[in-house]
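Worksheet: the structure to be examined is printed underneath.
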């Protein structure tokens, strides 16, 4: 009899564990706990998480970092999800449901897109990959920044080794004359027309003027281009072809841009077609 009662109690406990629970603000959730001793999410923490969000009867996937392997970094006090985050530890996974209206109003702060309707439930699956305090996050970002700067500096040394005729300006811009022209010298505010090719130090092409398309036109010194271009073009005259090695401080800085990684020195070959 005792064994039977113990078995029934175990089954009831198992059933209870498999049931969804609710937070104080009404979010239905279920947690898969990996460790009772892991670090708990605290107020003010930043969380590195994998998230999959599926909405509606057709299970439309809104985003899925498990698949694209690009985890999100979210604050623990994220407006809609904070009550669930507060229950989790590093390594935990959870599923929970948020009404679409609430999520788009509080978290996204924008209207719901086509195909998502008022009252739809969004099913979130989330895994806490890591937890950082604000100071830990700053330290980690600084460490990554120093690593990026060092790697870029080493790549510049390797790229410029053996380059003859390379000149470095006081700002750190490096250039060499590939072909000398005889036309008008560029001054600040001049309108110039150029052909160019831009690559990373490893040779990866990220931009260029293409045959059959208009040449690139801009006004020098008006911050219409990166600072390295504004400085470099004022060293040129019509007909010149220069190679510029532009340090990241004069290019896209610590944030990068599109295909250009953070802390990237860039190489441009620029032909000055016309000066107005």
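Remarks
- Residues located in segment 37-74, provided they are more than 24 Å from residue 112 (Cβ to Cβ) and outside any strand (DSSP E or B): 37, 38, 39, 41, 42, 43, 44, 45, 69, 71
- The condition of being in contact with a helix residue (DSSP H, G or I) (Cβ under 7 Å, 6 or more places away or on another chain) and either in contact (Cβ under 8 Å) with a residue 24 or more places away in the chain or in a loop (DSSP other than H, G, I, E, B) (or both) holds for only one of 218, 206, 244, that being 244.
- Any hit, segment 183-194, residues being surrounded by 17 or more Cβ atoms within 10 Å (Cβ to Cβ), more than 14 Å from residue 272 (Cα to Cα) and touching a strand residue (DSSP E or B) at 6+ places or on another chain (Cβ under 9 Å): no
- Scanning segment 150-170 for any residue that is surrounded by 14 or more Cβ atoms within 10 Å (Cβ to Cβ), in contact with a helix residue (DSSP H, G or I) (Cβ under 9 Å, 6 or more places away or on another chain), outside the structural domain of residue 26 (by TED's automatic domain parsing) and at pLDDT 95 or above turns up at least one such residue.
- Any hit, segment 90-112, residues being exposed (fewer than 15 other Cβ atoms within 10 Å of the Cβ) and farther than 21 Å from residue 26 by Cβ: yes
- Against the criterion of being out of contact with any helix residue (DSSP H, G or I) (no Cβ under 6 Å at 6 or more places or on another chain) and either surrounded by 14 or more Cβ atoms within 10 Å (Cβ to Cβ) or modelled with pLDDT of 95 or more (or both), residue 115 does not qualify.
- If you go through segment 254-276 and keep only what is in a strand (DSSP E or B) and free of Cβ contacts under 8 Å to residues at least 12 places away in the same chain, you end up with just 257.
- Just one of (1) more than 21 Å from the chain's Cα centre (by Cα); (2) closer than 24 Å to residue 28 by Cβ; (3) touching a residue at least 12 places away in the same chain (Cβ under 8 Å); (4) assigned to a loop (DSSP other than H, G, I, E, B) fails for residue 78. It is (1).
- Residue in segment 96-111 that is free of Cβ contacts under 8 Å to residues at least 12 places away in the same chain and in contact with a strand residue (DSSP E or B) (Cβ under 9 Å, 6 or more places away or on another chain) present: no
- Residues located in segment 220-234, provided they are over 11 Å from residue 187 (Cβ atoms) and crowded, with 16+ Cβ neighbours inside 10 Å: 225, 226, 227, 228, 229, 230, 231, 232
The values are calculated or read from the model by the stated rules, or taken from the named source; none is laboratory data. Every value quoted in this text rests on a predicted model; they were computed, and no experiment measured them. Cβ atoms come from the backbone with ideal geometry, glycine included; neighbour counts cover every protein chain shown.
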